[in-house]
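For reference, the structure discussed in these notes is given below.
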Amino acid sequence: MSPFRTALIALIGLLLSPLIAAQEPVEEPVYVYQRIHVLVAHHDNRMSLRVWADGTVEMRFPPYTSQAGQYRWAASAEELAELDAFFAAAGRHDSGVLERARGARGEDELVLVADADLVRFELRGAGRAPQTLMIEAPDAWSRALPESAELAALAQTEGALLDWMRTRAARVGR
């Protein structure tokens, strides 16, 4: 590289460094929800919801759904309270919920749910240790293991959150 080019790059870096330093770090969302459709052979196979501390909500539906698209808005206090309730309910569960439900069955009884969607809840925030729950579709498993009240509660929470998302998508528009 020529000395002129090296000096030019150094000068550009010097001029841009105050701008780069002034940028605030990218904040992570406080809530994340995803449902990954494992049977969809497409890279765009997930529904997602992200909520930031400032109340910004971002939802995404894949192209094969009736709500297809991306949605972003500033949530009302009521919407944030509803989201807090959904994620608090999901946060009462851990990744062992499915194993506990399977373990409640007899050892000689095998229950399988083939190709279940994956569901992920992430909770982060002030004064809270980050928590991630990744589980095979609780709705499918709660039908296969109806005796598990814990799994049924998680399936109900996820179903209510999905209904909430679909209702907001219809209301907010793209």
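Could you tell me whether any residue of segment 112-124 is small (G, A, S) and at pLDDT 90 or above? Looking through segment 112-124, none of the residues is small (G, A, S) and at pLDDT 90 or above. In segment 38-87, of all residues being of a type in the set (D, E, K, R) and part of a loop (DSSP other than H, G, I, E, B), the one that is least open to solvent (accessible area, probe 1.4 Å) corresponds to D44.
Return yes when T167 is modelled with pLDDT of 90 or more, β-branched (V, I, T) and out of contact with any helix residue (DSSP H, G or I) (no Cβ under 6 Å at 6 or more places or on another chain) and no when it is not. Answer is yes for this residue.
Counting the residues of segment 136-162 that are under 15 Å from the mean Cα position of the chain (by Cα) and open to solvent by 60 Å² or more (accessible area, probe 1.4 Å) gives 1.
The values are calculated or read from the model by the stated rules, or taken from the named source; none is laboratory data. What you see is a predicted model; the values in this text were computed from it and never measured. We place every Cβ from the backbone using ideal geometry, glycine too, and count neighbours over all the protein chains shown. For the accessible areas, the whole protein counts, side chains as well, though only heavy atoms, and no ligand, DNA or RNA atoms are used. Shrake-Rupley method; radii C 1.70, N 1.55, O 1.52, S 1.80 Å.
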